[in-house]
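Student: Below: one structure in structure tokens.
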Amino acid sequence: MKVQVRYFASLREALGPTETVELAAGATLGALRDALIARGGRHAEVLARGRAVRCSLDQHMVEEAAALREAAEVAFFPPVTGG
């Protein structure tokens, strides 16, 4: 299945605004993140485990255990704080 991945804030600066990723059917958001990390380079650096990264699925905040579906929109972004 193919999903659309969008990046925001500092992740967008490092990786660009968007990309399409192909995954096995039934993959989770965590599996997507792991696949992106496995690419190495900037993906591994900015999406590394232990780094604070928030995610959404079809514009709803979700945990990494969320199942993906064909044509889903996933967004990764750093946590935001107000002041």
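Student: Which residue is surrounded by the most Cβ atoms within 10 Å (Cβ to Cβ), if the candidates are limited to the stretch 6-33 and must be among the aliphatic types (A, V, I, L, M) and farther than 15 Å from Pro78 by Cβ?
Tutor: Step one: list which residues in the stretch 6-33 are among the aliphatic types (A, V, I, L, M), which gives 9, 11, 14-15, 21, 23-25, 27, 29, 31-32.
Filter once more, so that each one left must be farther than 15 Å from Pro78 by Cβ: 21, 23-25, 27, 29, 31-32.
Details: Val21: 16, Leu23: 16, Ala24: 9, Ala25: 9, Ala27: 19, Leu29: 21, Ala31: 16, Leu32: 23.
Per the criteria, the residue is Leu32.
Student: Restricting to the stretch 68-83, name every residue that is charged (D, E, K, R) and either outside any loop (DSSP other than H, G, I, E, B) or surrounded by 11 or more Cβ atoms within 10 Å (Cβ to Cβ) (or both).
Tutor: Residues of the stretch 68-83 that are charged (D, E, K, R), as a first pass: 69-70, 73.
Listed by number, the residues that qualify are Arg69, Glu73.
Student: Mind telling me which of the residues Leu23, Leu68 ends up being touching a residue at least 60 places away in the same chain (Cβ under 8 Å) and more than 10 Å from the chain's Cα centre (by Cα)? Steps first, answer last, please.
Tutor: Details: Leu23 fails: touching a residue at least 60 places away in the same chain (Cβ under 8 Å).
The match here is Leu68.
Student: Further question: Among all residue pairs at least 6 apart or on different chains, which show Cβ distances below 6 Å where the first residue, located in the stretch 42-58, is farther than 25 Å from Glu70 by Cα and the second is of a type in the set (Phe, Trp, Tyr) and crowded, with 17+ Cβ neighbours inside 10 Å?
Tutor: none
Student: With respect to the numbered conditions (1) out of contact with any strand residue (DSSP E or B) (no Cβ under 7 Å at 6 or more places or on another chain); (2) loosely packed, with under 14 Cβ neighbours inside 10 Å, which one is the sole condition not fulfilled by Ala65?
Tutor: Every listed condition holds for Ala65 apart from (1).
Student: Limited to the stretch 1-53, what total is found for residues that are of a type outside the set (D, E, K, R) and part of a loop (DSSP other than H, G, I, E, B)? Give the steps one after another, and end with the answer.
Tutor: To start, the set of residues in the stretch 1-53 that are of a type outside the set (D, E, K, R) comprises 1, 3-5, 7-11, 14-18, 20-21, 23-32, 35-38, 40-41, 43-44, 46-48, 50, 52-53.
The next check asks that each one be part of a loop (DSSP other than H, G, I, E, B); those that pass are 1, 8-9, 16-17, 23-27, 40, 47-48, 50, 52-53.
Of the residues in that region, 16 qualify.
Only the coordinates and a few stated rules stand behind these numbers; no lab work does. Keep in mind that what you see is a predicted model, and the values were worked out from it rather than measured. Using ideal geometry, Cβ is built from the backbone for each residue, glycine included, and neighbour counts are taken over all protein chains shown.
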